[in-house]
Structure formats: structure tokens, C-alpha cells
Amino acid sequence: MEIILSRIRDRDPEQKEFLQAVQEVMETVRPVLERNPEYRKQAVLERITEPERVVLFRVPWMDDQGQVHVSRGFRVQMNSAIGPYKGGLRFHPSVTLSIIKFLAFEQVFKNSLTTLHMGGGKGGSDFNPKGRSDGEVMRFCQSFMAELHRHIGPDTDVPAGDIGVGAREIGYLFGMYKKLRNEFTGVLTGKSLAWGGSLIRPEATGYGVVYFASEMLDHVDDSIEGKTCLVSGSGNVAQYTCEKINQLGGRVVTLSDSSGYIYDEEGIDCDKLGFVKQLKNIRRGRIREYCEQYPNAVYTEADAELGYNPLWAHKADCAMPCATQNEINQQDAKNLVQAGVRLVCEGANMPSTPGAIDIFMEEGLLYGPSKAANAGGVAVSGLEMAQNSMRLSWPREEVESRLKQIMHSIHTTCIDAAAEYGMDGNYMAGANIAGFVKVVNAMLDQGLV
Ligand code: NDP
């Protein structure tokens, strides 16, 4: 296994995030390989860590002043053993091939856990939509799709949103795909309701995170009711995580963006959350403006020099990181433990560093890893694809009840897989093992392709 890891490291030494994601999976699937010598003979680790296809392309676009920019586009089609590639698009200046490969790799296991037939992929661009006009975002999306359309399709690869890609971007991307291909198909998920979207898709990731946290608490005879929660981010996942915590009787005291965070001891209730939605989704403002509206809340500017994020040091019972990768480091994890947090349930992808996860494990926290806890988003994307294929729409109650059922099933799958390999209660091991075994068996069924 070390040989495989060092080969990946030597081939792509700059792909640190990808290596981090691979390392985490490999460490936990070691007993599976020991029990199944056929997996080793068939080089499944080497095969599953190499993308089936990587598309890297130029995205030229013009800003409102007539200046030409050249962004970089990516689509990593990681694994299609159990279904068409499925995974979001991220538009953020920090996007690199390493980030997209790590996200695509995680997506393979996550999609496998959902019980639906979806392979794993991810894409995006280093384009920064922040501060850009609607016209600039539209022209960028059109240029991006002018290349991407060759590589995707409803039975090939179905992208969705992620950081920086919400309803507006999905609309522009879909419009361009339709024009180029002259077909109206379910090629993207996260669409508007009027043209093929699914009810509950915007809510699905955040709601799913809280359903998963509730399953974890229920397993130890506890519940989310009355719990104080630290939530980071203020985008799609953070907003609906906050909404569902409120609905289930919990209290959210923090939200953030890349500039800083707010702490509202009285709790961010439904009215205040309505303000945040308006602020972030419509006005595209900054979270610091929350304190102008609610002066009892306190805003703290982000400070990278500090070496930790004070958001994670507030007294609470639960933490739901919903912003970005590696946002909880070892010191943050220590602060969380000190602050009384007993459950960490990940809304963002890979928000905890390996050092932070070690602390969670040593301290016996309930730790719900992202590939299980945030799978609700892609699960409802899968349900959107099913509705598109049938050309009908299910009612809200039906989609939410299916989401709840899927999160319950993912929880059971994690618990059972971990127990089968003697790692009771280890959700990270359970998620990795269950996701891995299903994909690998499908790969072996389909031969050396
Ligand atoms: P949004 O773009 O809606 O929101 C992202 C939030 O995170 C914003 O508040 C943003 O702040 C903050 N953020 C982004 N990058 C950084 C950074 N480098 N440092 C600090 N804060 C940052 O994205 P989503 O809510 O959709 O995604 C959040 C996370 O959830 C990501 O990890 C994504 O991969 C994951 N996820 C999303 C799913 C979905 O359905 N949308 C599904 C599964 C996982 P700012 O406004 O300042 O950039």
C-alpha cells in the first residue's frame, strides 16, 4: 500500500489535497484488502485512484469593460463503474487539478453510499464569480460550456453546483448546453423548478447533514433537540443545515464566510436566517452585515496568522463545518473538544485535516465524515435525474421522505461495515469500506477497462 501511495506522490507531487483524500481512504480499507487477495491481484487500488478521464481546457471570456480573461476549466471523470459520472462544478480562485481530483475521488465513494446508480466526477474553474456582474458570469458560463458540452450528457456525466455555482450559474450553463446540442435533457442537476429541477434539491445537502447528525445521536439515545451548534459557511449547505437544526429544536450560534464569522448567542432563528439568505443569495453581500441588522451579534474578522479559527472555540454541543476543505485543523479540533463539542458532522467536503480527525478519534467524538454526512445533496440530484427521465415531478413530501430514508440507510451501512471489520462506531472507516467494496466489485464484474 505504501508503494502505491508513494507512486501517486511521485507522479503528482503537487497534488496535496488529492493525496490527502487517497491516504485517508487507503488507511481504512487496508483490512478489506487483507481479507480479499483478489482485490490486490486485480490492482484495484491503482485503478480506483487513477481518473478514467481528465479534461483540462481554456475558458476565454470578456468582462464588462471589454477586457479579455483566460480562466482554466476542469472536468475529472473519476469512476463510472456504478453509473454515469456525477458531481458538482466549483468556481473559485483556489481551484486546481488537485482540488478537483480530490473532490472527484471522494464523490466516487459518496455516490456509492447513496444506494443510487451514480459514478463519480467533479469539475470547475479558477474563475472567481465574486464581484462579477450577471453579464460577466453568463459569458463565462457560456464559454465554459462551449467546451464542456462535448464531454457530458444525461447518460454520460451529469454535473451540478458546488462552491460558487448556484441556481444562476446552473441556468446559464444549461441554456448554453441546450443551444449547442439542441436537446432538452437532464444534463445538469440543481435546475430551477420550472424547467426540470427537483423540489428539496437546494435544501438537500444541509438537511441531509442534520438528518445524519440526528441518526448518529439517535444511535446513542440522544437527539438534536436543545443542542447548541457551531456552523461555518453561509452558502447553500450552511443555510439549510441551519434551517433543519432550527426545525428540529436545536440552536445555531455561528455562520461565516471567507472574510470572518458572526457569533449570535441568542441563536440564528428562522427570521434571521431569512435575512442571511437574502444577503448571500440575492444581494451577494458579506456575513459581517448580519451584525448591522442584529447588533447583539459579534463579528470577528478572519486572521490566517492566528493558526486557528476562533469560531470553533465557542461553547457548544455540535459542530457542522459547511464552508470548505481543511477548515478545521488540529488546534481547532482541540478547541472544539475544550468547548464541549461531542459531535462533528461534516457538510463541506474534507473540512477536517488528518490531525483534526486524529483528535476526534482519540477523544471519542461522534465524527460523521463528509462522504457520508453530506451525501444528501447528490442523492437528491440522483432523484432529480430519475424525475427528468420519467418527465415528471414528485411532491416536496415525497422527495424529503426519500432523502430522510437515504440518510438513514447510509448511517446503517456505515455502522454495519465498520462493525464487520471490528471498528465499531467508526463512521469514517464504515463509509470508506462500504463505498469502496461496492465500486470495486462492480469494476471487477466489468473486466479490465
Ligand atoms: P457556496 O458557494 O454556496 O458557499 C460556500 C461558503 O463557504 C461561503 O460562505 C464561502 O464564503 C465559504 N468559503 C468558500 N471557500 C472558502 C475558503 N477558502 N475559506 C473560508 N470560507 C470559504 O457553496 P456550498 O455551500 O454549495 O458548498 C460548501 C461546501 O459544501 C463545499 O465544501 C462543497 O464542496 C460542499 N458540498 C456542497 C454540496 C452542494 O449541494 N452544494 C454537496 C456536497 C458538498 P465566501 O462567500 O466568502 O466565498
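Any read-out appearing in this document is the output of simple, stated calculations on the displayed coordinates, not a laboratory observation. Model, not experiment: these values are computed from the prediction. FYI the Cβ positions are ideal-geometry reconstructions off the backbone, even for glycines, and counts take in every protein chain you see.
Listed values, structure above:
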{"item": "Whole-Å distance, taken between Cα centres, linking the range 351-413 and the range 184-213", "result": "12"}
{"item": "Under Karplus coefficients 6.51, -1.76 and 1.60, residue-wise ³J(HN,Hα) of the range 282-292 in Hz, glycine/proline x", "result": "9, 7, 6, x, 10, 5, 4, 5, 4, 6, 5"}
{"item": "Whole-percent pair-distance distribution, where bins are 20 Å wide, for the alpha carbons of the chain", "result": "26, 60, 13, 0"}
{"item": "Spacing of the two label points (7 Å from each Cα toward its C-beta) at Gln293 and Ser94, in nm", "result": "2.5"}
{"item": "Distant-in-sequence amide H partners of Gly368 (H built 1.01 Å from N, under 5 Å)", "result": "Val344, Cys345, Glu346"}
{"item": "Dipole of the chain, positive end: most advanced residue of Leu33, Val210, Gly66 [Cβ charges, Cα centre]", "result": "Gly66"}
{"item": "Per-residue ³J(HN,Hα) for the range 372-389, Karplus 6.51 cos²θ - 1.76 cosθ + 1.60, θ = phi - 60°, Hz, x for Gly and Pro", "result": "9, 5, 9, 6, x, x, 5, 4, 6, 4, x, 5, 5, 4, 5, 5, 4, 5"}
{"item": "DSSP-loop trypsin sites (Lys or Arg not before Pro) across the range 332-427, with at most 11 other Cβ within 10 angstrom", "result": "Arg391"}
{"item": "Loop-resident sites, the range 173-282, for GluC sites (Glu not before Pro), counting at most 13 other Cβ within 10 Å (DSSP)", "result": "Glu183, Glu225, Glu265, Glu266"}
{"item": "For Lys86, distant residues with modelled amide H under 5 Å away", "result": "Gly119, Gly120, Gly121, Val158"}
{"item": "Cβ-placed point charges (K, R +1; D, E -1), dipole of the range 2-185 about Cα centre in debye, nearest 20", "result": "240"}
{"item": "Contact order relative to length of the chain, as percent, for alpha carbon pairs under 8 angstrom and 6 or more apart", "result": "15"}
{"item": "Unsatisfied cross-links (Cα-Cα over 21 Å) in the set Lys122/Lys371; Lys244/Lys280; Lys272/Lys334; Lys227/Lys272; Lys86/Lys191", "result": "Lys272/Lys334"}
{"item": "Note, ³J(HN,Hα) from phi for the range 222-238, Karplus 6.51, -1.76, 1.60, rounded to Hz, x at Gly and Pro", "result": "10, 8, 6, 4, x, 7, 8, 10, 9, 10, 9, x, 8, x, 3, 5, 4"}
{"item": "Among beta bridges that DSSP assigns inside the range 2-185, antiparallel share in %, nearest 5", "result": "65"}
{"item": "Inter-label distance for Met423 and Arg47, nm, one decimal - labels placed 7 Å from Cα along Cα-to-Cβ", "result": "2.3"}
{"item": "The range 2-185: relative contact order as a whole-number percent, Cα under 8 Å and 6+ apart", "result": "22"}
